[in-house]
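Below you'll find the structure, written out as structure tokens, and then a few comments.
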Amino acid sequence: MADLKTIQNRIEKNYKHRAKWARKEGLEAFRIYEKDIPEFPFIVDVYKDYAVIYEKRDDEIDAEKFEHFNFIISAVKNVLNIPEEKVIIKSRTKQKGTTQYERLEERNEVMAVKEYQAEFLVNLHDYLDTGLFLDHRPMRQVLLKEARGKKFLNLFSYTGAVSVMAALGGASHVTSVDLSSTYQDWARKNFEHNKISLKEHNFIIQNALEYLEKAVNKFDLIFLDPPTFSNSKKMEDDFEVEKDQIVLIKNCLRLLNPNGILYFSNNKRKFKLDPMIQEIASVIDITDKTIPLDFRDRKIHHCFQITHLNSHLKKQS
């Protein structure tokens, strides 16, 4: 039977274990619940003393689902011992007519959360995403460790968390490319918050696909994390990651130094790497190593380490 006690017990068990782990690791943002119980298909992330609950709504919400939703809110409040105003609800829904369930606010409230060596600025209210992709946490550590003395390119850079980690890892130069001026401004603030000088680093407001076609500068390390799909008004053609992967990777390889590494990540659940990629480059699927310990969903993203065929670099296995 799905009731308050059932969901509260599960969240309490998860939180006790994860909070201890997060303190030890130096993390202030982590996942404590991810659809563990089928009757409660929600996701709960902790950001310091706030909780963000993600729900996916149908067009119609029946009484039972509404009751379960209230149960999980109560459980989160009780386990974390926080007031209701610190429980934030994010809804992914189908739009119907003029009805928009996904109500975004304009509070402009930003706070910093610690992640290992860095602190990242997050906005828990105004957007569907908070400004920090928690599933990329392990990948950010990989790049921190590999960045020293290297020129780093971050494509579809979002709020620049990956760029910050590369800079903290000693990258000689970081270039972040994103079409959104809002996200690039956010990225600069993340750099400044972590006391990283902006003068050695570039923040380019441009469609990453156009940047890749025209760029001439070479890089030692590239992180490519495109959206699954995009039909932005600023773009001439619709983009789909599986359809467009070859042109993306070919262009990245063109900008990659002989012994450089390209990390290609995407969130398409059923993504298949085109066999042609393995004819033009060396590819290792490192997905398992890049999924965080606090994520149940092992298909949250796919990640590949890609190098030139003639690279003498010792690759990760």
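The values are calculated or read from the model by the stated rules, or taken from the named source; none is laboratory data. Since this is a predicted model, take the numbers as computed values, not measurements. Cβ atoms come from the backbone with ideal geometry, glycine included; neighbour counts cover every protein chain shown.
Considering only residues of region 147-184 that are of a type outside the set (Gly, Ala, Ser) and without any contact (Cβ under 8 Å) to a residue 24 or more places away in the chain, which is nearest to ASP220 (Cα to Cα)? It would help to see each step written out before you state the result.
First pass over region 147-184, keeping only residues of a type outside the set (Gly, Ala, Ser): 148, 150-156, 158-159, 162, 164-165, 168, 173-175, 177-179, 182-184.
After this cut, where a residue has to be without any contact (Cβ under 8 Å) to a residue 24 or more places away in the chain as well, the list is 148, 182.
Working: ARG148: 10, THR182: 27 Å.
Among residues in region 147-184 that are of a type outside the set (Gly, Ala, Ser) and without any contact (Cβ under 8 Å) to a residue 24 or more places away in the chain, the one nearest to ASP220 (Cα to Cα) is ARG148.
Among the residues of region 241-259, what is the count of those that are within 18 Å of SER157 (Cβ to Cβ), more than 21 Å from the chain's Cα centre (by Cα) and not polar (S, T, N, Q)?
2
Could you list, in sequence order, the residues of region 214-230 that are touching a strand residue (DSSP E or B) at 6+ places or on another chain (Cβ under 6 Å) and either β-branched (Val, Ile, Thr) or not assigned by TED's automatic domain parsing to the domain that holds ILE261 (or both)?
Within region 214-230, ILE222 is the sole residue that qualifies.
Among (1) modelled with pLDDT of 95 or more; (2) part of a helix (DSSP H, G or I), where does ASP294 come up short?
So the condition that ASP294 fails would be (2).
Starting from residues that are free of Cβ contacts under 8 Å to residues at least 40 places away in the same chain and in a helix (DSSP H, G or I), keep the ones in region 23-48 and report whichever is surrounded by the fewest Cβ atoms within 10 Å (Cβ to Cβ).
LYS24
Take region 284-314 and flag every residue that is crowded, with 18+ Cβ neighbours inside 10 Å and either under 19 Å from THR228 (Cα atoms) or of a type in the set (Val, Ile, Thr) (or both).
Narrowing region 284-314 to residues crowded, with 18+ Cβ neighbours inside 10 Å: 286, 290-291, 294-295, 300-308.
Hits for region 284-314 are ILE286, THR290, ILE291, ILE300, HIS301, HIS302, CYS303, PHE304, GLN305, ILE306, THR307.
Being at pLDDT below 70 and either closer than 18 Å to HIS125 by Cα or assigned by TED's automatic domain parsing to the domain that holds ARG18 (or both), is that true of even one residue in region 49-57?
Yes, region 49-57 has at least one match.
Under the condition of being of a type in the set (D, E, K, R) and assigned to a loop (DSSP other than H, G, I, E, B), which residue from region 263-283 is surrounded by the fewest Cβ atoms within 10 Å (Cβ to Cβ)?
Applying the filter and picking the extreme gives LYS270.
Hey, does region 190-198 have a residue that's among the charged types (D, E, K, R) and at pLDDT below 95?
Scanning region 190-198 turns up no residue that is among the charged types (D, E, K, R) and at pLDDT below 95.
Taking region 242-259, which residues are without any contact (Cβ under 8 Å) to a residue 60 or more places away in the chain and not polar (S, T, N, Q)?
Listed by number, the residues that qualify are GLU242, LYS243, ASP244, ILE246, VAL247, LEU248, ILE249, LYS250, LEU253, ARG254, LEU256, PRO258.
Of the numbered conditions (1) exposed (fewer than 13 other Cβ atoms within 10 Å of the Cβ); (2) in contact with a Gly (Cβ under 8 Å, 6 or more places away or on another chain), ASP220 fails exactly one; give the number of that condition.
(1)
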